[in-house]
Amino acid sequence: MSQDSPTRPQRANWLRAGIWSLGFVALLWVLEATDYVSGHQLDTLGIQPRTDAGLLGIVFAPVLHFGWAHLYGNTLPALILGFLVLASGVGRGIVATLIIWVVGGVGVWLMSPPGSITAGTSMLIFGWLVYLIMRGLFSHRIGQIIIGVLIFLAYGSLLLGVLPGQTGVSWQGHLFGAIGGALAAWLLNDPPKKQAQSKAQKKVA
């Protein structure tokens, strides 16, 4: 006999994705509240280019913000895009996020101007955006292609943020986050033929 319909596991996965994305955004708000109470001491944990201390910023920068307005602007995109990345598989979504996190952070550390400090979830947001747009192109899955098109129509204008020119905005974080998203989409693609073989192996007599 074969396994049950995937509908129930899919709904369970969406629930997990919702919990993870809500939990992540809640963490962002808790950290900003902590930063506010501490007199913005956490801001120093952002990425400081080409310094030993700045390497620690690669770990912390994507969950820190320079004030409530900065955090507020990132909250809704992080919630929506984070959920969509996780909805097709929490494990895969976490790995994609880690790839974006590292590629974006290292790129900022290498390429940002000296004396600057970079922080903010927009690095992940740009990575998630590009990941969602491109993963269908690699996997050839119709559902993912449709989602990618819809996401591009809704948020594609954000991609202009990879260009330099906006004062006080880290285009390096946006650019390398986007590069990390493209890399994650390529590395984690799951073509239909591979999926069909995996499902066939799960059937028992």
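The values are calculated or read from the model by the stated rules, or taken from the named source; none is laboratory data. Because the structure is a prediction, the values reported are computed rather than measured. Here the Cβ positions follow ideal geometry from the backbone for every residue, glycine too, while neighbour counts run over all protein chains shown. For the accessible areas, the whole protein counts, side chains as well, though only heavy atoms, and no ligand, DNA or RNA atoms are used. Shrake-Rupley method; radii C 1.70, N 1.55, O 1.52, S 1.80 Å.
Farthest toward the positive end of the dipole of the chain, out of Ala78, Leu31, Ile58, is the Cα of Ala78, where the dipole comes from beta carbon charges about the Cα centre. Would the range 33-79 count as rounded, prolate or oblate if I go by the C-alpha gyration tensor, calling it rounded below 1.5 in a/c and otherwise prolate when a/b exceeds b/c, oblate otherwise? Oblate. Could you tell me which helices of the chain pass both thresholds, a Cα extent of 15 Å or more along their own axis and a mean Kyte-Doolittle hydropathy of at least -1.0, with helices taken as whole DSSP H runs? Those that clear 15 Å and a mean of -1.0 are 7-37, 68-87, 90-111, 122-139, 142-155, 171-187. As a rough guide to protection, the peptides 137-146, 177-186, 41-50 ranked by mean Cβ packing within 10 Å, highest first, stand as 177-186, 41-50, 137-146. Remark: the chain carries a charge dipole of roughly 1140 debye about the Cα centre, counting +1 on each Lys and Arg Cβ and -1 on each Asp and Glu Cβ. Calculated accessible area for the range 16-165 comes out at 48 Å² per residue, all protein chains present (probe 1.4 Å; ligands, DNA, RNA ignored).
Is the chain rounded, prolate or oblate when judged by the Cα gyration tensor, a ≥ b ≥ c being the square roots of its eigenvalues, rounded requiring a/c under 1.5 and prolate requiring a/b larger than b/c? Verdict is prolate for the chain. Toward the positive end of the charge dipole of the chain, with +1 on the Cβ of Lys and Arg and -1 on the Cβ of Asp and Glu, the farthest Cα among Val106, Ile146, Trp128 is that of Ile146.
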